[in-house]
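Before any comments, here is the structure.
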Amino acid sequence: MKKHILDLIISDNIRLGPGIALLKLSSQSPLPEMLPGQFAQLRIDSASPQVFLRRPISIHYFNKDTNELWLLVHAVGAGTRALADLPSGSIVNMIAPLGNHFTMPLVPGATRLLLVGGGIGLAPLLFLGATLRDKGFEPTFLLGARQKEHLVQLGEFEKYGKVGITTEDGSLGEKGVVLQHSLLNDKAFDAVYACGPKGMMMAVAKYAADRYIPCEVSLENVMACGIGACLCCVEDTIVGYKCICMEGPTFNIAKLKWLH
Amino acid sequence: MAALNVYIGGELHICSPITTASGTFGYGVEYADFFDINLLGAIFVKGTTAEPREGNPYPRMAETASGMLNAVGLQNKGVQYFANDIYPLIKDLQTAVIVNVSGSTVASYVACAERIAELANIPAIELNISCPNVKRGGMAFGISAQGAAEVVAAVRKVYPKTLIVKLSPNVTDITEIARAAEAEGADSLSLINTLLGMAVDVRQRRPVLSTVTGGLSGPCIKPVALRMVWQTYRAVKIPLIGIGGIACWQDAVEFMLAGAAAVQVGTCNFIDPAVTVKITEGVSNYCDEQGFSSVAELTGALET
């Protein structure tokens, strides 16, 4: 897919939780096609010299009809804080769409699809879930976080499928981590998609592999260019180091060395 | 409008002094979505070695104030792969495609250069004696005049086209290395490669990079690079290609005034993939405004 350098307008910046901003972006001209799992590299014109590189942010939701792109930004450092604080009306420069995309469906005939998100890692699953729903699937979301304040956009997820929730402190949904959720006891799945902290994704990968369920995960290794030039964001795969910005960010777990 | 063509050594004349630095621009095609890469004077493609190299483990990158550290470690699929799989994709570009050649021994530099010499549409190589991220070879050849002389002399024997030698800044006196490379037949010099640096993750109390140290690039190194270009310009007669944190046309003009015949834009391609177009326009406008009929007149025009 052709990559574009875009100047988009923030039509809305909604604070959803502590340090979590939903940026709704639009453009006067039609946005290029984007697929679930892809990401954008956002330029940050911050006053701080500490912020030099662009920040990769996954596509949270994209609607071609309304020409709207949503990004979830979790302010964890100076760069993401500057992004999360951008007021409505600001222009954001981004390179998009970047990376591969989730495979839909993961295997032919797969209908019972589980989408597991941890913390801000739930971001790309909304676009994935919406697209799967559009294609006639009924995705099940399983979303976990430390506490309820980190679980955002639940109403949006509910539009596209059943939502199971865990929090480590028990403040919302079932107490514990995603793999302890009761819905995993009640239902079998044909395919699993996961995005979140690496520890969580590795646990989900093991869960899926133990049950011979195909599984794709979305990685977030630190990167510089985002377009396959700098070779910094590599993941060690069964066929050597691969840039997650080009051959990822989504990987079938069978290609990773996590379970070896 | 001022003429933009410049001479960068050997038999190599390029259409513009604005080129892209090895390791920051892939094989050029990665950037073709953003602008017409044929507008570049040259593309210095990714460091290539005789044998495939896996590179260093992740993490390989750390952001710094106005720059970044990298420890990629010359990941590439080897010169044979380049010749068979990459060369056909880029051989018909209208810009000069120059291959950055690296190695761990003199023999491996020679083997790689010999193979590249057979590729008709590669007019030059850039001999990388300055990569700080490999255990053997690389920068080891670039930090002593004797080491530089040895590898340049050996490659010169087998490489008849334009031979550019890329210098390391991690030395006490870069002009010594520059003179040694010139004496052994280098057609031109490119400088600087990255500065050896380090970053620490205070929460983990560990180095950020898997290799502990890495190469610093970006605008933070520009003053150092500019100083070294200026020193080297006064020490050698062959053309220089300035590299180091160039982010805008003013930076490019600074390097040319200090003695560079051309410049390479590196890390800033990551921030703005089309930055070289803007730099080219800016340099051209500057020449027009200042009454230069050719951009080549800028080289060494610094008044001190």
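Looking at segment A:220-257, which of its residues are surrounded by fewer than 19 Cβ atoms within 10 Å (Cβ to Cβ), hydrophobic (A, V, I, L, M, F, W, C) and more than 9 Å from chain B (Cβ to nearest Cβ)?
A:Ile238, A:Val239, A:Ala254
Determine which member of the set A:Ala96, A:Ala82, A:Ala47 is among the small types (Gly, Ala, Ser) and assigned to a strand (DSSP E or B). I'd like the intermediate steps shown before the answer.
Numbers: A:Ala82 fails: assigned to a strand (DSSP E or B); A:Ala47 fails: assigned to a strand (DSSP E or B).
Matching residue, one of A:Ala96, A:Ala82, A:Ala47: A:Ala96.
Looking at segment B:223-244, is at least one residue within 14 Å of chain A (Cβ to nearest Cβ) and under 29 Å from B:Asp33 (Cβ atoms)?
Looking for residues that are within 14 Å of chain A (Cβ to nearest Cβ) and under 29 Å from B:Asp33 (Cβ atoms), one finds none in segment B:223-244, hence no.
Within the set of pairs 6 or more residues apart or between chains, which connect a residue that is touching a residue at least 40 places away in the same chain (Cβ under 8 Å) and under 22 Å from B:Val45 (Cα atoms) inside segment B:161-185 to a residue that is hydroxyl-bearing (Ser, Thr, Tyr) and assigned to a strand (DSSP E or B) with Cβ atoms less than 6 Å apart?
From segment B:161-185, the pairs are B:Ile164/B:Ser188; B:Ile164/B:Ser190; B:Lys166/B:Ser190.
Based on what the data block shows, is A:Ile20 away from chain B (no Cβ under 14 Å), touching a residue at least 24 places away in the same chain (Cβ under 8 Å) and of a type outside the set (Phe, Trp, Tyr)?
yes
Name the residue that is surrounded by the most Cβ atoms within 10 Å (Cβ to Cβ), counting only residues in segment B:13-23 that are outside any loop (DSSP other than H, G, I, E, B) and more than 13 Å from the chain's Cα centre (by Cα).
B:Ile14
Six or more apart or on different chains, Cβ under 6 Å: which pairs go from a residue in segment A:36-58 that's at the interface with chain B (Cβ under 10 Å from one of its Cβ atoms) and under 30 Å from A:Arg133 (Cα atoms) to one that's in a loop (DSSP other than H, G, I, E, B) and at pLDDT 95 or above? Could you list them?
A:Gln41/A:Arg54; A:Gln41/A:Gly226
Tell me which strands (runs of 3 or more DSSP E) are completely within segment B:127-221 and hold 2 or more residues being buried (at least 23 other Cβ atoms within 10 Å of the Cβ), or say none if there are none.
B:162-166, B:188-191, B:213-217
Taking segment B:55-90 as the search range and keeping residues that are at the interface with chain A (Cβ under 7 Å from one of its Cβ atoms) and without any contact (Cβ under 8 Å) to a residue 40 or more places away in the chain, which one is nearest to B:Ala120 (Cα to Cα)?
Applying the filter and picking the extreme gives B:Gln75.
Which condition breaks for B:Val101 when tested against (1) within 14 Å of another protein chain (Cβ to nearest Cβ); (2) buried (at least 23 other Cβ atoms within 10 Å of the Cβ)?
(1)
Can you go through B:Gly47, B:Gly10, B:Gly26 and tell me which one is part of a loop (DSSP other than H, G, I, E, B), within 14 Å of another protein chain (Cβ to nearest Cβ), touching a residue at least 12 places away in the same chain (Cβ under 8 Å) and over 19 Å from B:Ala252 (Cα atoms)?
B:Gly26
The values are calculated or read from the model by the stated rules, or taken from the named source; none is laboratory data. None of the values given here were measured: they were computed from a predicted structure. Cβ atoms come from the backbone with ideal geometry, glycine included; neighbour counts cover every protein chain shown.
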